[in-house]
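What follows is a set of notes on a single structure, which appears directly below.
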Amino acid sequence: MRLLFSTILLFALLLFPAPGLQGQGELSGAAQIQQALAALATTGSVLMIAAHPDDENTALLAYFARGRNARTAYLSLTRGEGGQNLLGPEQGPELGVIRTQELLAARRIDGASQLFTRAIDFGFSKTAEETFAKWGHQEVLSDVVWNIRRFRPDVIILRFSGTSRDGHGHHQCSAILGKEAFFAAADPAKFPEQLKWVQPWKAKRVLFNVFSFTREQEKEAAGLRTAIEIDTGEYNPVLGRSYSEIAGLSRSMHKSQGFGAAQRRGPVKNYLTLVAGEPAAKDPFDGVDTSWGRIRAGAAAGELLARAAQAFEPKHPERTVPLLLEARRMVRAIQDPLAKYKLQKIDEAIALCAGLWLDAAANRYEAVPGSDLNIALTAINRSPAEILLETMSVEDQFAPAESVKLEYNQPHVRNIQFRVPAQQAYSQPYWLVKPAQGALYSVPDQKLIGVPENPPALGARFRLRSGQETIEITRPVHYRYVDPLRGEVIRPLAIVPPVAVQVSAVPLVFPDKQPRSTEVRVRANVANSSGRIEWTLQSGWRMEPAQTDYKVGEPGESTIVRFAITPPAADARAGAVAAAHTADGRTVSRGGRVIDYPHIPPQVLFPPSALSLVRADIRMLSKRIGYIEGAGDEVAEALDALGYEVTLLTPQDLASGDLARFDAIVTGVRAYDVRPDVDANRARLLRYVEEGGTLVVQYNKLESERRRPSGFALAPYPMTIGWARVSVEDAPVSFPDPDSLLLAKPNRITREDFDNWVQERGLYFATKWDPRYKTLFSSHDPGEAPLEGGTLYTPLGKGAYVFTAYSWFRQLPAGVPGAFRIFSNLLSAGKTLYEQTGK
């Protein structure tokens, strides 16, 4: 039955995204009910397509979803894995998980749904050709077609033009694919394997949301004769905001990107031009029947739903229930995908109008397959409407059978002990269960493609009767608790392994052939967990001991076991996998990672217990490193894994600590953007350099200069940070000054040290600089001029200042040997240059 329930739920997601899986909406009370009723009465639909989280026009989404009450969705080709993170150290797939939840949080505000393809954001791309080469043109086109056939939009809106004007190659591809998919989705000969679940679909038209980011672009868009004009600054009295104000709230959920946005008031013009399909004169829905008349035998139900919306009384929403029940009787007899979707929405509207509170709360937020959960099922009728509760169940297990009338505002509670199925899958995001195939996630189940997140681990069903109609409402099983600061907090239920085997997330680096120690943290998720830890190691490496026993008493407690690893004599890269063999016969080779930020629900991931090992000849002239954390990176951990003595510097350390004890100080990525204390102590940091230290400044965005008062100096001499970047990870690198000592000491740097880099060379290079700086590297993307502003350095007093916008925050945690060798040279720049000059 668990499999059956999951299949039913996924099929519902397949046809139309279910907002209930994305958390409760921002609206509440009478406004929420009025919006729900208005949405029932219309059948129009809009799909917006772009490439990344933050590409969407949130004002247009709010206008269509909240203003026109249309079924509205945003299809983001990627989950934003390749960007930077202003919140913490998460990168790659973990950042994609955060940005997925930020998109869902934004959609709860603007009222739209969220969809995806399997494409991975592999970082900035300057051409559509490079993007398609990495993604696979037909593969991602298939996903866009699938989403169109599943969502069945009347109107498709593209955010980009599909030309070089879009800049980012991903942006260009989103528009190219959107137009191609418009035609392919209607053609049964295209991707026929999808027709097992969906049917071909032809939207009425494709429109381009013309850029209007500047006054000049706005004038250009307004001058287009064929453009449809939409004012998203229009005020909605039911919502108490204009759509552009809602957009500011929605966009501000992209917190990992630092995209807090203003709530614009007054006229905000948006322009749409025809790309494909039938022309529209003044409205995107011109020629589209948005009534129930488009559904066979649906007109009568549509009239009832329109009456329900018009008759709504904010102080007595329960009086709308009889009309909804009568409409429901008609709609459940209609065999149409849209009618089936609307039937679910009618049931939810009945629950809203009746003030029903339906809840399934577990006694803890984690459960192991085969374990027992205590779940409290609660139903409260907070209106005069007559509601009969027939059954409550979790999956296929029912609470004690009884049919009871729900009296006004009287909680009806039943406790159920539920055994989690022994074969229940862990709560790993479905797109991360299998290794990615290049720049495409591996998702074997076609029905999951496009779904924004996993269905709830467990679902509760409430079967209720009102009049002659029986409705069924589903709710996720979750954990509810009270936080002293945040108040009542809801946390999703997660299915977890019996133990988590946690190894270092950064590579263990061997600069010579001496053995190094590592540790495994074993966290128990059940009581009295015991077993042994065993490693799988590649030939040439040796682990001592080969295995060791562990024992943990209480759930949530951890123990640490230590091992020594001896590398081969020659340079090598390898992987080692740790596995826990439990006393009850299970084998677990995954760790546990909780991503928890206040603006999104906690996310649980289970990364493989794989330790990356790097053996490379790396000499270190410096030893003691002070690290100033910035927006979030793992550079400090990577340096520690190499053998440096790394100290994280606090604001107090910067203001009054003994900086002279460090051979070098490194600022984390965007430290000048997010750490006011770095600004406040910039003179002290430069004095540290003059007295013999080395200061290595990693990349900062150009806002670092824009937000500073006149005369602010990021560096000892003038430099301008720009948008210049080298996005191809294997772009050629040359040395403007081959005789530079920073290329010779303590490691001899060659072009081979730039082999096997990941994602990019660097970003936000300096574009202008004082002649007292020297350049170390030159690189460029194909067809572009060489860029020398990626790493600048200058002697200063007895020390050295180094600015470097190369992506060490990606290369070092990825275990790129050459990156460690180069960065070691940068850390010893002061010693090297002072040794040369002697002054």
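Quick notes
- Residue match in the range 81-97 (condition: out of contact with any Leu (no Cβ under 8 Å at 6 or more places or on another chain), buried (at least 24 other Cβ atoms within 10 Å of the Cβ) and small (Gly, Ala, Ser)): yes
- Taking the numbered list (1) in contact (Cβ under 8 Å) with a residue 24 or more places away in the chain; (2) closer than 24 Å to residue 318 by Cβ; (3) in contact with a helix residue (DSSP H, G or I) (Cβ under 9 Å, 6 or more places away or on another chain) in turn, residue 343 passes all entries but (1).
- Meets criteria (modelled with pLDDT of 95 or more and crowded, with 19+ Cβ neighbours inside 10 Å) for residue 624: no
- Candidates 670, 593, 619, filtered to the one that is on the phi > 0 side of the Ramachandran plot and either in contact with a Phe, Trp or Tyr (Cβ under 6 Å, 6 or more places away or on another chain) or of a type in the set (D, E, K, R) (or both): 670
- The set of residues from the range 527-536 being surrounded by fewer than 19 Cβ atoms within 10 Å (Cβ to Cβ) and either not charged (D, E, K, R) or not assigned by TED's automatic domain parsing to the domain that holds residue 570 (or both) comprises 527, 528, 530, 536.
- The conditions of being out of contact with any helix residue (DSSP H, G or I) (no Cβ under 6 Å at 6 or more places or on another chain), within 30 Å of residue 96 (Cβ to Cβ) and not in a strand (DSSP E or B) are met by residue 348.
- Yes/no for residue 307 being part of a helix (DSSP H, G or I) and outside the structural domain of residue 467 (by TED's automatic domain parsing): yes
- Flag for residue 375 being farther than 15 Å from residue 460 by Cα and of a type in the set (A, V, I, L, M): no
- Residue list for the range 150-177, restricted to those being modelled with pLDDT under 95 and either hydrophobic (A, V, I, L, M, F, W, C) or in a loop (DSSP other than H, G, I, E, B) (or both): 161, 162, 163, 167, 168
- Residues in the range 59-74 include at least one that is closer than 30 Å to residue 311 by Cβ, β-branched (Val, Ile, Thr) and crowded, with 24+ Cβ neighbours inside 10 Å.
- Qualifying residue in the range 775-788 (condition: under 19 Å from residue 688 (Cα atoms) and either assigned to a loop (DSSP other than H, G, I, E, B) or touching a helix residue (DSSP H, G or I) at 6+ places or on another chain (Cβ under 9 Å) (or both)): no
- Single residue of the range 485-499 satisfying the filter (at pLDDT 95 or above and touching an Asp or Glu at 6+ places or on another chain (Cβ under 6 Å)) that is surrounded by the fewest Cβ atoms within 10 Å (Cβ to Cβ): 494
- If the condition is being farther than 21 Å from residue 49 by Cα, assigned to a loop (DSSP other than H, G, I, E, B) and modelled with pLDDT of 95 or more, then the range 183-220 contributes 188, 189, 197.
- Boolean, residue 282 is surrounded by fewer than 19 Cβ atoms within 10 Å (Cβ to Cβ) and in the same structural domain as residue 231 (by TED's automatic domain parsing): yes
- For the range 552-606, taking the residues that are assigned to a strand (DSSP E or B) and hydroxyl-bearing (Ser, Thr, Tyr), the one that is surrounded by the most Cβ atoms within 10 Å (Cβ to Cβ) is identified as 582.
- Near pairs, Cβ below 9 angstrom, 6+ apart or cross-chain, from the range 532-547 (within 19 Å of residue 588 (Cα to Cα)) to any residue that is part of a loop (DSSP other than H, G, I, E, B) and of a type in the set (S, T, N, Q): 536/589
- Restricting the range 396-420 to residues that are of a type in the set (Gly, Ala, Ser) and surrounded by fewer than 12 Cβ atoms within 10 Å (Cβ to Cβ), the residue that is nearest to residue 361 (Cα to Cα) is 401.
- Residue check for residue 670: within 24 Å of the chain's Cα centre (by Cα) and either surrounded by 19 or more Cβ atoms within 10 Å (Cβ to Cβ) or farther than 18 Å from residue 824 by Cβ (or both): yes
- Restricting the search to helices (runs of 4 or more DSSP H) fully inside the range 607-681 and requiring at least 2 residues that are assigned by TED's automatic domain parsing to the domain that holds residue 830 and over 27 Å from residue 763 (Cβ atoms) gives 651-656.
- When the range 689-700 is filtered for residues that are outside any strand (DSSP E or B) and either surrounded by fewer than 23 Cβ atoms within 10 Å (Cβ to Cβ) or of a type in the set (Val, Ile, Thr) (or both), the ones remaining, listed by number, are 689, 690, 691, 692.
- Within the range 447-458, the residues that satisfy the criterion of being more than 20 Å from residue 49 (Cβ to Cβ), in contact (Cβ under 8 Å) with a residue 40 or more places away in the chain and surrounded by fewer than 22 Cβ atoms within 10 Å (Cβ to Cβ) are 447, 455, 456.
For every residue, the table says whether it meets (1) under 12 Å from the mean Cα position of the chain (by Cα); (2) in a loop (DSSP other than H, G, I, E, B); (3) within 28 Å of residue 592 (Cα to Cα); (4) hydroxyl-bearing (Ser, Thr, Tyr).
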{"residue": "64", "(1), (2), (3), (4)": "no, no, no, no"}
{"residue": "74", "(1), (2), (3), (4)": "no, no, no, yes"}
{"residue": "85", "(1), (2), (3), (4)": "yes, yes, yes, no"}
{"residue": "91", "(1), (2), (3), (4)": "yes, yes, yes, no"}
{"residue": "100", "(1), (2), (3), (4)": "yes, no, yes, yes"}
{"residue": "109", "(1), (2), (3), (4)": "no, no, no, no"}
{"residue": "129", "(1), (2), (3), (4)": "no, no, no, no"}
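- Here residue 737 fits the description: at pLDDT 95 or above, outside any helix (DSSP H, G or I) and more than 16 Å from residue 667 (Cα to Cα).
- Flag if residue 504 is among the hydroxyl-bearing types (Ser, Thr, Tyr), outside any strand (DSSP E or B), at pLDDT 90 or above and within 30 Å of residue 618 (Cα to Cα): yes
- Scanning the range 491-530 for residues that are touching a Pro at 6+ places or on another chain (Cβ under 9 Å) and among the small types (Gly, Ala, Ser) yields 494, 505, 524, 527, 529.
- Single match in 296, 265 (criterion: in a loop (DSSP other than H, G, I, E, B) and over 29 Å from residue 159 (Cβ atoms)): 296
- The residue of the range 378-391 that is surrounded by the most Cβ atoms within 10 Å (Cβ to Cβ), among those that are in contact with a Phe, Trp or Tyr (Cβ under 8 Å, 6 or more places away or on another chain) and not hydroxyl-bearing (Ser, Thr, Tyr), is 381.
- Residue within the range 133-146 that is crowded, with 20+ Cβ neighbours inside 10 Å and of a type in the set (D, E, K, R) present: yes
The values are calculated or read from the model by the stated rules, or taken from the named source; none is laboratory data. Values in this document were obtained by computation on a predicted structure and should not be read as measured data. Ideal geometry is used to build each Cβ from the backbone, glycine not excepted, and the neighbour counts take in all protein chains shown.
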